[in-house]
Amino acid sequence: MTTSDHCALRGKAHPVVAQVVFNRSLPGDHGLLRLRVGKLARQVLPGHFVQLICDPGLTLPRPFSLMDADPAQGTVDIFYRVVGVGTGIMAQWQGGESVRVLMPLGRPFAWPEARVNPLLIAGGAGLAPVHFLAKRLVERGYAPVLAWGIETEAPLMTIDARMDGFPLDVAFVESPEALAALDAVGVSSRLASMVATPGRFHGYVTDLAEQYLSHSPEIVRSRTVLFACGPTPMLQAVHRLAERFGVSGQVSLEERMACGFGVCAACVAPVRTAEGWTYRKICTEGPVFPISDISWENY
Ligand SMILES: Cc1cc2nc3c(=O)[nH]c(=O)nc-3n(C[C@H](O)[C@H](O)[C@H](O)COP(=O)(O)OP(=O)(O)OC[C@H]3O[C@@H](n4cnc5c(N)ncnc54)[C@H](O)[C@@H]3O)c2cc1C
Ligand code: FES
C-alpha cells in the first residue's frame, strides 16, 4: 500500500501538529487536555475521534474521542484516564508543547429526529463523546439528560443539581451531584457509582437510566433515544434497556486500535447482516453504530 492509498483511506482526516493549550491532572488518574488544532476544530462532530502520537518511540498512536471543540478558538478537548504507557506519557505533557495528531476520524453520532428526548449514558472516560454530544444537542434545541457512572472521586467539577430534567422520583438523594459544565448549558445530569457515595445513585449507571425510563411519563419515554459510550458490559446493558423499553439509540464503541483509518483490521466488532452477522471495522464504519446494528450475542 502506498502513502497515497493511506491518505485516501484516511478520508478527511489530517495529520496535524497541535499545540497543548493546557493539560490538567484530575482526580482518579484522569486528565483534561486542550489542543490547539486551528481550522480543524470547525470540522469535528460528537463521536469523532483522534489518533494521538503519545511518543515517537511508541509504534502505535492512541485513539481518543473528542469531549468538546471550540471552533472560534480553534481548540479541541480530550478527557482521558491514565491506564498504560501512552496515557502515562500524555499525562506529562505541558502547555506549549507540540504533539502530533491525526483527525478527525470515524463516523460521528447521527443527529436524532426533531422532538426526541435524548438520554445519554456514559461510563468512566466514555463520558467524552456524550458530553460533546450533550452540548451540541442543547445548541440545536434538544433537552438531553445525562447519566454518568464513575467509581472514583468525580474528576470533573460537580454542583448540586438544579436542573429539572430528571423525574422527581429519580432525584434519589438530597442534593444530587450534577456536572457543573453541563448544568451551566442546560443539560440535566446525575452521577451513579457502585461505591455508595453521597449525592450519587448507588448502582450501575444503566440502573440509573432504567429508573429514569421507568419513572418518566409515557410521552417522554416513548420519545426517548439512547446515546451511550463506556465499557462493553455497560453497552450490553444499554442494549437490553433499549429492547425492554422499545427505544432506539446509538453507541460509540471503544475497541483496541492500531492504524485508526481502516488498514489493519485490528478494531472489528460484530455487526448484524441479512444473513447473520459479520465483522466491521470500528475505526471507519464506527465508532458510532445504531444499537440495533450490533450483534450483541457475538460481542
Ligand atoms: C474510538 C476510541 C475512543 C476512545 N476515547 C477515549 C477517551 O475519550 N478517553 C480515554 O481515556 N480513553 C479513550 N479510549 C481508550 C484509549 O484509547 C486507551 O485507554 C489508550 O489507548 C490506552 O493507551 P495506553 O498506552 O495508556 O495503554 P496500553 O494498555 O499501554 O496500550 C497498549 C495498546 O492497547 C491500546 N489500548 C489499550 N486500551 C485500549 C482501549 N480501551 N481502547 C482502545 N485501545 C486501547 C492502545 O492504543 C495501545 O495500542 C478510546 C478508544 C477508542 C478506540
Ligand atoms: S484500527 Fe486499523 S482498521 Fe481499524
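The values are calculated or read from the model by the stated rules, or taken from the named source; none is laboratory data. As the structure is a prediction and not an experimental result, all values here were calculated from the model. With ideal geometry, Cβ positions are generated from the backbone for all residues, glycine too; neighbour counts draw on all protein chains shown.
If I ask for residues that are in contact (Cβ under 8 Å) with a residue 24 or more places away in the chain, part of a loop (DSSP other than H, G, I, E, B), of a type in the set (A, V, I, L, M) and more than 12 Å from ligand 1 (Cβ to nearest atom), which ones from segment 238-279 would you list?
Val247, Val263
Are there strands (runs of 3 or more DSSP E) fully within segment 94-195 with at least 1 residues that are of a type in the set (D, E, K, R) and not assigned by TED's automatic domain parsing to the domain that holds Gly57? List them.
The qualifying strands (runs of 3 or more DSSP E) are 158-160, 177-179, 188-193.
So for segment 19-29 (the condition being outside any loop (DSSP other than H, G, I, E, B) and within 26 Å of Cys267 (Cα to Cα)), does at least one residue qualify?
Residues of segment 19-29 outside any loop (DSSP other than H, G, I, E, B): 19-26.
Then drop every residue that is not within 26 Å of Cys267 (Cα to Cα), which leaves none.
Checking segment 19-29: not a single residue is outside any loop (DSSP other than H, G, I, E, B) and within 26 Å of Cys267 (Cα to Cα).
Please work out which residue is farthest from ligand 1 (Cβ to nearest atom), limiting yourself to segment 280-299 and to residues that are part of a helix (DSSP H, G or I) and of a type in the set (Ser, Thr, Tyr).
If we take residues in segment 280-299 being part of a helix (DSSP H, G or I) and of a type in the set (Ser, Thr, Tyr), then Ser292 is farthest from ligand 1 (Cβ to nearest atom).
If Ala114 satisfies all but one of (1) surrounded by fewer than 20 Cβ atoms within 10 Å (Cβ to Cβ); (2) within 16 Å of ligand 2 (Cβ to nearest atom); (3) of a type in the set (Gly, Ala, Ser), what's the number of the condition it fails?
(2)
Just to be sure, is Phe201 under 19 Å from Ala178 (Cβ atoms), surrounded by 14 or more Cβ atoms within 10 Å (Cβ to Cβ) and in the same structural domain as Trp148 (by TED's automatic domain parsing)?
Working: under 19 Å from Ala178 (Cβ atoms): yes; surrounded by 14 or more Cβ atoms within 10 Å (Cβ to Cβ): yes; in the same structural domain as Trp148 (by TED's automatic domain parsing): yes.
The answer is yes for Phe201.
Here's the yes/no breakdown for (1) at pLDDT below 95; (2) not assigned by TED's automatic domain parsing to the domain that holds Ala128:
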| site | (1), (2) |
| --- | --- |
| Ser216 | yes, no |
| Phe227 | no, no |
| Met234 | no, no |
| Glu243 | no, no |
| Met257 | yes, yes |
| Ala266 | yes, yes |
| Cys283 | yes, yes |
| Ser292 | no, yes |
| Asn298 | yes, yes |
